[in-house]
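Notes follow once the structure below has been shown.
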Amino acid sequence: MTNTIAILAAVLLQVWFLEERYPREIVVLPAGLIIALTIGHDWRHREWGFAWRALLPGLIRALGVTFVLCLVMLAIGAAIGTLHDRRDFLGNLAPLIPWGCAQQWVLQTVVLREAQRATSRKAGVVVAALLFGAVHLPNPFLSSMAGAAALLWCWLYDRYPNIIPLALSHALGTLAVRYAFDDSITGRLRIGAGYLRLGE
């Protein structure tokens, strides 16, 4: 799992050290490393995350489950009084799709596949989901939500290896969280040192 370890190190370096001390543009360094590692891994293993036969069945399953989970989150937000309007649904959704796609590309084609090669097909799904959740620490809300969602996403990708349905699921789920809950619950979706600084 050498690529996974290097990717995790790059993410943790960014969110715990670089992000708080340097200009935002410094993100190109860890991001560039992550992209290079993912391309190298995918080139060697001939898996890019776009199995076209898996697109339609993956879309049906991912969006069906996502729709139900989004309704549940919105209902919880309404019940606890944190549901709010963000206006411009499509404007909020649009940037979340490439962001979700990038995360799913790395999670599925590298982290999941390396975890499965190191353990087993089923155990790899759990390992990848735990690692994805752990990257979102110390935000308890986000790490638990990310870990649970990654369990679903990795399970779906293992059966329908196309990241497009998962990118849409990721984007819609993130937007539902933003509509359903306020910053006091989500921690502004911050992780690492940025989350710890929210209380200052």
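Just one of LEU37, LEU71 is over 19 Å from the mean Cα position of the chain (by Cα) and either at pLDDT below 95 or outside any loop (DSSP other than H, G, I, E, B) (or both); which is it? First the steps, then the outcome.
Working: LEU37 fails: over 19 Å from the mean Cα position of the chain (by Cα).
Only one candidate passes the filter, namely LEU71.
So PRO165 clears everything in (1) within 12 Å of the chain's Cα centre (by Cα); (2) open to solvent by less than 20 Å² (accessible area, probe 1.4 Å) except one condition, right? Which one?
PRO165 satisfies every listed condition except (1).
Could you tell me whether LEU59 is touching a residue at least 40 places away in the same chain (Cβ under 8 Å) and over 24 Å from ARG117 (Cα atoms)?
It is true that LEU59 is touching a residue at least 40 places away in the same chain (Cβ under 8 Å) and over 24 Å from ARG117 (Cα atoms).
Which ones in region 110-124 are aliphatic (A, V, I, L, M) and in contact (Cβ under 8 Å) with a residue 24 or more places away in the chain?
VAL110, VAL111, LEU112, ALA115, ALA118
Can you pull out the residues in region 168-200 that are aromatic (Phe, Trp, Tyr), surrounded by 20 or more Cβ atoms within 10 Å (Cβ to Cβ) and either touching a residue at least 60 places away in the same chain (Cβ under 8 Å) or within 21 Å of GLN104 (Cβ to Cβ) (or both)? Let's see the steps before the verdict.
Of all residues in region 168-200, those aromatic (Phe, Trp, Tyr) come to 179, 181, 195.
Right, trim to surrounded by 20 or more Cβ atoms within 10 Å (Cβ to Cβ) and you get 181, 195.
Answer for region 168-200, where residues must be aromatic (Phe, Trp, Tyr), surrounded by 20 or more Cβ atoms within 10 Å (Cβ to Cβ) and either touching a residue at least 60 places away in the same chain (Cβ under 8 Å) or within 21 Å of GLN104 (Cβ to Cβ) (or both): just PHE181.
Could you list, in sequence order, the residues of region 116-172 that are among the β-branched types (Val, Ile, Thr), assigned to a helix (DSSP H, G or I) and farther than 24 Å from ILE191 by Cα?
ILE164
Does region 100-108 contain any residue that is farther than 27 Å from ALA193 by Cβ, open to solvent by less than 60 Å² (accessible area, probe 1.4 Å) and among the small types (Gly, Ala, Ser)?
Scanning region 100-108 turns up no residue that is farther than 27 Å from ALA193 by Cβ, open to solvent by less than 60 Å² (accessible area, probe 1.4 Å) and among the small types (Gly, Ala, Ser).
Considering every residue within region 73-83, establish whether at least one is out of contact with any Lys or Arg (no Cβ under 8 Å at 6 or more places or on another chain) and under 29 Å from ASP158 (Cα atoms).
Keep residues of region 73-83 that are out of contact with any Lys or Arg (no Cβ under 8 Å at 6 or more places or on another chain), which gives 73-83.
In the following step, the residues that additionally are under 29 Å from ASP158 (Cα atoms) were identified as 73-74.
Checked against the condition, which is being out of contact with any Lys or Arg (no Cβ under 8 Å at 6 or more places or on another chain) and under 29 Å from ASP158 (Cα atoms), region 73-83 yields at least one hit.
Every residue in region 1-54 that is open to solvent by less than 60 Å² (accessible area, probe 1.4 Å) and in contact with a strand residue (DSSP E or B) (Cβ under 9 Å, 6 or more places away or on another chain), please.
Of everything in region 1-54, those that are open to solvent by less than 60 Å² (accessible area, probe 1.4 Å) and in contact with a strand residue (DSSP E or B) (Cβ under 9 Å, 6 or more places away or on another chain) turn out to be GLY49, ALA51, ALA54.
Of the conditions (1) farther than 12 Å from LEU166 by Cα; (2) surrounded by fewer than 18 Cβ atoms within 10 Å (Cβ to Cβ); (3) of a type outside the set (Phe, Trp, Tyr), GLY77 fails just one. Which one is it?
Unmet condition: (2).
Can you tell which of VAL135, VAL127 is free of Cβ contacts under 8 Å to residues at least 60 places away in the same chain and hydrophobic (A, V, I, L, M, F, W, C)?
VAL127
Out of all the residues in region 10-45, which are aliphatic (A, V, I, L, M) and over 20 Å from GLU114 (Cα atoms)?
Matches in region 10-45: LEU13, VAL15, LEU18, ILE26, VAL27, VAL28, LEU29.
Pull up region 1-34, narrow it to residues that are touching a Leu at 6+ places or on another chain (Cβ under 6 Å) and among the hydrophobic types (A, V, I, L, M, F, W, C), then point me to the one that is modelled with the lowest pLDDT.
Among those residues, the one meeting the criterion is ILE26.
Examine region 144-158 for a residue that is loosely packed, with under 15 Cβ neighbours inside 10 Å, without any contact (Cβ under 8 Å) to a residue 40 or more places away in the chain and at negative phi, and state whether such a residue exists.
yes
The values are calculated or read from the model by the stated rules, or taken from the named source; none is laboratory data. Bear in mind that the values here come from a model prediction, so they are computed numbers and not experimental data. Note that each Cβ is placed from the backbone with ideal geometry, even for glycine, and that neighbours are counted across all protein chains shown. With ligands, DNA and RNA removed, areas are computed over all heavy atoms of the protein, side chains included. Shrake-Rupley method; radii C 1.70, N 1.55, O 1.52, S 1.80 Å.
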